[in-house]
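See structure below.
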Amino acid sequence: MKRIKKTIINDIVIPIIITSAALCLGCLFFRPIIVNGNSMEKNYCDGDKVIAYTMADIDYGDVIVFYCEGLDCKLIKRVIAKEGDIVDIDFEAGTVSVNGIVLDESDYTNKPTTLDEEGQTYPLTVPKDCYFVLGDNRMHSVDSRSPEVGVVDQKSVIGKVICKIGK
C-alpha cells in the first residue's frame, strides 16, 4: 500500500504540481497577443500572433504591447524615444529625429512619416517614465502622434514583443 501511494505521488501528483507551477509562471512573464490592424505592417500583420515578455527592459526600436486608455484597447507599436528625449518630425521630408539625429528607419518602415495626426507639437520632449511610439506603417497607424494615444506611460506597457508565432 505504501508503495502504491509513493508511486501515485511520484508519478502523478508531483508532475501535476510542477506543470501547474510552470504554467502559472509562464502566464506571469509571457503573454500571447494577437495583432489587430495593419499599423505594424510589413513586420506584424493583422491576425499575427506574438509573445510579449512582461519583464523585459525596453529600449529604442523595441516593439511593445501596451494598453491605450484613450482607445480602450491594446496596441502594438515601436519605441522611437524614451524619457527626456526630444522628438521632432518633419512631415514634409517624412523624417523622424531624436535628439537632433535623423533616424534610419529603413529596417522596419518603407514609407516616410508624412501623416500628421495633429495631436502633438514638435519638437516634443518625452516626459518622465514615458515612451514615444510609432507604428511601422506610418500612414495607417494611430500612435504617439495622435491625441488618443499620445506618449505611453511605462505603467501601461504589457510587454516587449520577443517573437512572432504565426497567424
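Some observations on this one:
- The test for being surrounded by 18 or more Cβ atoms within 10 Å (Cβ to Cβ), within 26 Å of Cys45 (Cα to Cα), modelled with pLDDT under 95 and among the small types (Gly, Ala, Ser) does not hold for Gly94.
- Candidates Val126, Val142 - the one that is touching a strand residue (DSSP E or B) at 6+ places or on another chain (Cβ under 7 Å) and at pLDDT 90 or above: Val126
- Check on Tyr60, in a loop (DSSP other than H, G, I, E, B), on the phi < 0 side of the Ramachandran plot and modelled with pLDDT of 95 or more: yes
The values are calculated or read from the model by the stated rules, or taken from the named source; none is laboratory data. Model, not experiment: these values are computed from the prediction. Here Cβ is always computed from backbone atoms with ideal geometry, including for glycine, and neighbour counts include all displayed protein chains.
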